[in-house]
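Chemist: I have a structure I would like to understand better, so I am pasting it below and will then ask my questions one at a time.
The values are calculated or read from the model by the stated rules, or taken from the named source; none is laboratory data. Because the structure is predicted, anything quoted here is derived from the model rather than measured. All Cβ positions, even for glycine, are placed from backbone atoms using ideal geometry, and neighbour counts span all protein chains on display.
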Amino acid sequence: MPSVFEQILARVAAALTAGAVTASDIDRGNEDGYGEDELPKINVKRGPSETSSHAQNLERTVANFEVEHHVAGAAWETLADALHIGAHAVIANDAPLAALGRGLRITGTEALAGSAEFVSGKLVARYQIQFLTRPGDPTRAIN
């Protein structure tokens, strides 16, 4: 059984795949670049987490992840923002994701220009979510 954090990342990717998001594909943890013919693309990446004792026999984990919105075109910042808003609506309203964790929020965004081969860029949206588990069992969220 995967960890709750991995379940959250898989659910984010599945929700975006099933949602009405205009992207040619949803990736998980891709570190390679994209060609112009592959865009738009969304990439979900794991970030750091921090776990602390929350109560007797209960641990609280704050998990961070990124959703990268890759686009091509002269107005790439505007295109990336539109893709981000659509993706955020899907993630924020996904009931199975809400069952895995609480307090989903955007902690920031960053726009980064892309390759010199063609006009492109990405908007990185950083998210944070919290979940509870029992010590020694990071595979089951406690609601």
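Chemist: Among the numbered conditions (1) surrounded by fewer than 20 Cβ atoms within 10 Å (Cβ to Cβ); (2) small (Gly, Ala, Ser); (3) under 20 Å from the mean Cα position of the chain (by Cα), tell me where Ala80 comes up short.
Modeler: Result: Ala80 passes all but (1).
Chemist: Just to check your reading of the model, which residue among Gly35, Gly103 is within 30 Å of Gly136 (Cβ to Cβ), over 11 Å from the mean Cα position of the chain (by Cα), of a type outside the set (Lys, Arg) and exposed (fewer than 15 other Cβ atoms within 10 Å of the Cβ)?
Modeler: On the way: Gly35 fails: within 30 Å of Gly136 (Cβ to Cβ).
From the options Gly35, Gly103, the qualifying one is Gly103.
Chemist: Hey, another quick one. If you check Ala92, Ala125, Ala87, Ala75, which single one turns out to be closer than 23 Å to Asp25 by Cα, crowded, with 18+ Cβ neighbours inside 10 Å and out of contact with any Ser or Thr (no Cβ under 8 Å at 6 or more places or on another chain)? It would help to see each step written out before you state the result.
Modeler: Working: Ala92 fails: crowded, with 18+ Cβ neighbours inside 10 Å; Ala125 fails: out of contact with any Ser or Thr (no Cβ under 8 Å at 6 or more places or on another chain); Ala75 fails: crowded, with 18+ Cβ neighbours inside 10 Å.
Among Ala92, Ala125, Ala87, Ala75, only Ala87 is closer than 23 Å to Asp25 by Cα, crowded, with 18+ Cβ neighbours inside 10 Å and out of contact with any Ser or Thr (no Cβ under 8 Å at 6 or more places or on another chain).
Chemist: Separate question: Which of the strands (runs of 3 or more DSSP E) contained wholly in the range 12-128 include at least 2 residues that are without any contact (Cβ under 8 Å) to a residue 24 or more places away in the chain?
Modeler: 26-28, 41-55, 102-113
Chemist: Continuing with the same structure: Output yes when any residue across the range 52-61 is surrounded by fewer than 15 Cβ atoms within 10 Å (Cβ to Cβ) and at pLDDT 95 or above, and no when none is. Walk me through how you get there before you give the answer.
Modeler: Our first condition is that a residue be surrounded by fewer than 15 Cβ atoms within 10 Å (Cβ to Cβ); within the range 52-61, this holds for 52-58.
Among the residues that remain, those that are also at pLDDT 95 or above are: none.
Among the residues of the range 52-61, not one is surrounded by fewer than 15 Cβ atoms within 10 Å (Cβ to Cβ) and at pLDDT 95 or above, which makes the answer no.
Chemist: Look at Thr133 and say whether it is in contact with an Asp or Glu (Cβ under 7 Å, 6 or more places away or on another chain), of a type in the set (Ser, Thr, Tyr) and over 22 Å from Ala23 (Cβ atoms). I'd like the intermediate steps shown before the answer.
Modeler: Numbers: in contact with an Asp or Glu (Cβ under 7 Å, 6 or more places away or on another chain): yes; of a type in the set (Ser, Thr, Tyr): yes; over 22 Å from Ala23 (Cβ atoms): yes.
Criteria met by Thr133.
Chemist: Please verify whether Phe131 is on the phi < 0 side of the Ramachandran plot, of a type in the set (A, V, I, L, M, F, W, C) and assigned to a loop (DSSP other than H, G, I, E, B), treating the condition exactly as stated.
Modeler: Numbers: on the phi < 0 side of the Ramachandran plot: yes; of a type in the set (A, V, I, L, M, F, W, C): yes; assigned to a loop (DSSP other than H, G, I, E, B): no.
The answer is no for Phe131.
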